[in-house]
Amino acid sequence: MRREGSFFSNLDWLTVFIYFILLTLGWFNIYASVYDPVQDLSILDMSIDSGKQLLWIGTSLILIILVLLLDFRIYESVAPLLYGVFILLLIAVVIVGKETNGARAWFQFGSFRFQPSELAKFATALLLARYVSTNSVKLTIFKSQITSFTIMLAPVALIMLQPDLGSALIFFSFFIPIFREGLPSIYLTSILSLVVIGTLSIVLSTQVIAIILGSLGLIWILLTSKSIKNILLSILIVGVGIGFSAGFSHAFENALPKYQRDRILILFYPDALDDQGAGYNLNQSKIAIGSGGFSGKGFLDGTQTKFDFVPAQSTDFIFSTLAEEHGWLGCALIIALFVALMMRIVFIAERQKSQFARVYGYSIAGIIFFHFTINIAMTIGLFPVVGIPLPFFSYGGSSLWSFTIMLFVLLKIDMHRTQVLMRG
């Protein structure tokens, strides 16, 4: 019979090992991204990002201990309160937050900055897991679907007031756990269709979109039933698609800030924008990544890095430092570690006996997947530059705290997976 008394009883050490490997490699890459061969400062120097990140790493270790010491049942119990607190913080930051790069996303307390949207993901994951695991909730019922969507998307509306498109996008990762729990596939089809229509609306006029959708609707009618019901349904779907295209185009041109609009347009028209303007970050990132070749230039030997050609290289573009100094081999190793971490989280989620723990686990896997995929895609020019950090690699306390807390709460719950979660 397994003893439950030990503090580390049943802790998933493989996940902990991957976490610390990523954390350590991230710390060294932050140092490489800010290294100046003239000053030759130590990695521990508190005047540069690597020294400051070590402080965040130290506080993260304290958070890990606190998370593991708390009763595992508390995380489900406090979910509504925690969610409410962060909704209020997201409202407050729009009013009194410090404006940086055109967005009010941070609270500033002297030299300390805190981004509430980072930990709002944790609060949303807990509340969504609590709600979906309620006995009366069935995701095939419209009322349950609407409530789930509200929990997921309320923070998105507040974050877009800042505005912070990158942070808002991450909350769409919560569709992953609710699809796992039985949300009808029609929603996935609809979301993918709207993404395609929205993307086409950036490069094509609404009139062209209307012709394409109308033609597809006509083909569908001719190949399937010609009943009145099917014809009316096809007309409705085509009409909604055309309306969405028109609305998306209008919002893209008039509601989205110019710098964000330019970052999207650069993907479709790479030669149309000034290389010193909207395309500068992306161009320099691609140069740095390409110059790394197969095995890289070596640690601290990246020329693009040392001469500060890539802006935000210790944060959003940390992957370009990795690619330049360690090449394809280094990138493959880091990608393999992230994939291993996400697969391990999914494995942990699937072995849970409580639905709350399973939904929470898939939420964490989805959040890390979105961060990982979008960050790397934007550094190589496959996604707009939207300011999303690479988990455990990018410099920043709010991000590191958020990922650490989310991951170790899952591990704490997993330690007690044979016990019954009781809602407080």
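The values are calculated or read from the model by the stated rules, or taken from the named source; none is laboratory data. Since the structure is predicted, the reported quantities are computational estimates derived from the model, not experimental observations. Positions of Cβ are backbone-derived with ideal geometry, glycine not excepted, and every protein chain shown enters the neighbour counts. Note: accessible area is taken over every heavy atom of the protein model, side chains too, but ligands, DNA and RNA are not part of it. Shrake-Rupley method; radii C 1.70, N 1.55, O 1.52, S 1.80 Å.
Pop a pseudo-label 7 angstrom from the Cα along the beta-carbon direction at both Gln108 and Thr199 and give the gap in nm to one decimal.
Label at Gln108, label at Thr199, 3.8 nm between them.
Of Val38, Val359, which has the most accessible area and how do the rest follow, probe 1.4 Å?
Reading off the accessible areas and sorting them downward yields Val38, Val359.
Using a Förster radius of 22 Å, what is the FRET efficiency between Phe294 and Ala336 based on their Cβ-Cβ separation? Nearest 0.05, please.
Rounded to the nearest 0.05, the efficiency is 0.85.
Calculated from DSSP H runs of 4 or more alone, at -39500 (n - 2.57) each and per residue, what is the 222 nm mean residue ellipticity of the chain, nearest 500?
-22000 deg cm²/dmol
For Thr305, Thr100, Thr140, what's the largest-to-smallest order of accessible area, 1.4 Å probe?
Thr140, Thr100, Thr305
Against the 2.2 N^0.38 Å scaling, with N counting residues, where does the range 287-364 land? I'd like the Cα-based Rg ratio to two decimal places.
Normalised by 2.2 N^0.38 Å, the Cα Rg of the range 287-364 equals 1.50.
From the gyration tensor of the Cα coordinates in the chain, what semi-axes in whole Å does the equivalent ellipsoid have, largest first, with each one equal to sqrt(5λ)?
The answer is 36, 32, 20 Å, longest axis first.
Suppose the chain between Ile235 and Tyr269 were pulled fully straight at 0.36 nm per residue; how much longer would it get relative to their current alpha carbon spacing?
8.9 nm
Using a 1.4 Å probe on the protein heavy atoms only, what accessible surface does Trp13 show? Give it in Å² to the nearest 10.
We get 140 Å² for Trp13.
Counting only protein heavy atoms, what percent of the accessible surface of the chain is carbon or sulfur at a 1.4 Å probe?
70
Can you give the direction-averaged projected area of the convex hull of the alpha-carbon atoms in the range 380-422, in nm²?
One quarter of the hull surface, i.e. the mean projection, equals 5.0 nm².
For Ser136 and Arg417, what does the FRET efficiency come to when R0 = 25 Å and r is the distance between their Cβ atoms, rounded to the nearest 0.05?
That pair, Ser136 with Arg417, gives E of 0.55.
Can you check what the Kirkwood hydrodynamic radius comes to for the range 228-373, Cα pairs only, in Å to one decimal?
19.1
Report, to one decimal in Å, the Kirkwood hydrodynamic radius for the range 330-378 based on all distinct Cα pairs.
After inverting the mean inverse Cα-Cα distance, the result is 11.4 Å.
Give, in nm to one decimal, the length gained when the segment between Ala377 and Lys258 is fully stretched (0.36 nm per residue of separation minus the Cα-Cα distance).
40.7 nm
Under 8 Å for C-alpha pairs, at least 6 residues apart: give me the relative contact order for the chain, rounded to a whole percent.
Reported relative contact order: 26 percent.
How would Met46, Met343, Met406 line up by accessible area, probe 1.4 Å, largest first?
Solvent-accessible surface, decreasing: Met343, Met46, Met406.
Quick one: what does P(r) look like for the range 303-348 with 5 Å bins over all Cα pairs, in whole %?
All Cα pairs, binned at 5 Å, distribute as 5, 21, 21, 18, 15, 10, 6, 3, 1 percent.
Going down the list Lys121/Lys286; Lys52/Lys297; Lys143/Lys229; Lys121/Lys412, which pairs span over 28 Å between their C-alpha atoms?
As for pairs spanning more than 28 Å Cα to Cα, those are Lys121/Lys286.
Below 13 angstrom from the Cβ of Ile30, what's the summed charge of the other residues (Lys, Arg +1; Asp, Glu -1)?
Surrounding charge for Ile30 is -3.
R0 = 30 Å: FRET efficiency of Met160 with Val16, Cβ-based, nearest 0.05?
Calculated transfer efficiency: 0.25.
Which semi-axis lengths, in whole Å and largest first, follow from the square roots of five times the eigenvalues of the Cα gyration tensor of the range 33-188?
That gives 35, 20, 15 Å for the three semi-axes.
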